[in-house]
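J.: Dumping the structure here so I can ask a few things about it.
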Ligand SMILES: [Mn+2]
């Protein structure tokens, strides 16, 4: 089982309503991974970096995480990523982890050296490439290619950082790994971390077994993917089978829509129906122009969304739709307000001017 980017200790300061629940979910989702690994009899659970959100996480959180990982019946391998980087034996965080896991089957991967385990009369050799800092210009995987490798053993690389073609690290600040470097390392697959969306696509069987599980449960409102881990069966090069295990229970959804009439409100209502509303935090951004009647329909829809969804954050920039009928009803044809508003309504690009003029005139009238 392969997970990464768990970011335990993430504070969710922008989600005050659900902060405690979201923090707990990060731990609960990891517990689901451990349970799944045990149920499937996994030999290994590999955490490929950023188990913790930062190196100053509370002691209790570290102990809780270690207690949870101790429940795993297979070997647990933890790689420091760029958020929970390992600076050396004095690193506070990793000393805490080491102290909490003495004498257990939890292994901290803090050396650039192969780690070998016997599995059913065969050897599995891991090549861990931890991050020594938050940022780094070059890949830390170069040494793997230079290691002698027995053809009988199964060789697996573990690293954390940006991967060519997967991330957004154009400046090369996150231990950027080139595809050619990963290919030439001589391992059957790479268990990676850092990119928070999973790859490759499920069912991929090609030669580049560079696996990113993504965050195990979404960590940001902008993250619309669900949280996953990889369940992997590995025989050797070209014989790797992987399956996505959905570990996350919550999801975020950002939805933007322009509303110009009742049909758009109906479409919005349909678009926002799905099976998991009760676990979803909805971030809704609306703009457009509606009549007062349509506006009250929209408010009813908003209330029903609030009843269904875990939470709804709404940003709305809706103008009153002021058409010829509305203008004539309010001001006689030929009157100055009628002519001004009619002229402004001819320019559909400037709804704010029409709205402002209408509001000013009607305030003065009343
Ligand atoms: Mn990272």
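J.: Apply the a/c threshold of 1.5 to the C-alpha gyration tensor of the stretch 1-130 and tell me whether it is rounded, prolate or oblate.
T.: Oblate.
J.: Right, here's the next one. Would you kindly state how much longer the chain becomes between residue 205 and residue 54 on full extension, computed as 0.36 nm times their sequence separation minus their alpha carbon distance, in nm to one decimal?
T.: That pair, residue 205 and residue 54, stretches by 50.9 nm at full extension.
J.: Rounded to the nearest 10 degrees, what's the angle between the helix 262-271 long axis and the longest principal axis of the chain, both from Cα atoms, 0 to 90?
T.: Tilt relative to the chain: about 10 degrees.
J.: Let me ask something additional. Quick check: the distance between the Cα centres of the stretch 301-366 and the stretch 189-246, to the nearest angstrom?
T.: The stretch 301-366 and the stretch 189-246 have Cα centres separated by 49 Å.
J.: Calculated from DSSP H runs of 4 or more alone, at -39500 (n - 2.57) each and per residue, what is the 222 nm mean residue ellipticity of the chain, nearest 500?
T.: The helix contribution divided over the chain gives -9000 deg cm²/dmol.
J.: If you don't mind, there's one more thing I want to ask. How large, in Å, is the stretch 251-365 by the Kirkwood hydrodynamic radius built from its alpha-carbon pairs?
T.: 15.7
J.: Right, another one. Which angle from 0 to 90°, rounded to the nearest 10, does the C-alpha axis of helix 292-308 make with the longest principal axis of the chain?
T.: For 292-308 against the chain, the angle is about 30 degrees.
J.: Still on this model: Mind pulling the angle between the C-alpha long axis of helix 351-365 and the longest principal axis of the chain? Nearest 10 degrees, somewhere in 0 to 90.
T.: Once rounded, one gets 50 degrees.
J.: Can you run the Rg to Rh ratio on the stretch 308-366? Use alpha carbon positions and the Kirkwood inverse-distance Rh.
T.: My calculation of the ratio gives 1.16.
J.: Moving on. If a paramagnetic tag sat 7 Å from the Cα of residue 301 along the Cα-Cβ line, which residues of the stretch 315-352 would have the backbone N under 15 Å from that point?
T.: 315-319, 321
J.: Say R0 is 41 Å: what FRET efficiency, to the nearest 0.05, do residue 19 and residue 339 get from their beta-carbon distance?
T.: The formula returns an efficiency of 0.15 here.
J.: Choose one answer from 84, 53, 307: the residue with the largest mean-square fluctuation in a GNM of the chain with alpha-carbon springs under 10 Å.
T.: So, out of 84, 53, 307, the one fluctuating most is 307.
J.: Quote the FRET efficiency, to the nearest 0.05, computed for residue 11 versus residue 133 with a Förster distance R0 of 25 Å and r equal to the Cβ-Cβ distance.
T.: The formula returns an efficiency of 0.70 here.
J.: Right, here's the next one. If I take R0 = 45 Å and measure r between the Cβ atoms of residue 102 and residue 318 in this structure, what FRET efficiency does the formula 1/(1 + (r/R0)^6) give, to the nearest 0.05?
T.: E(calc), rounded to 0.05, equals 0.15.
J.: Show me the three semi-axes of the equivalent ellipsoid for the chain, from the C-alpha gyration tensor (sqrt of 5 times each eigenvalue), largest first, rounded to whole Å.
T.: 54, 21, 19
Laboratory data are not the source of any read-out in this text; all were calculated from the coordinates shown. These figures come from a predicted structure and were not determined experimentally. FYI the Cβ positions are ideal-geometry reconstructions off the backbone, even for glycines, and counts take in every protein chain you see.
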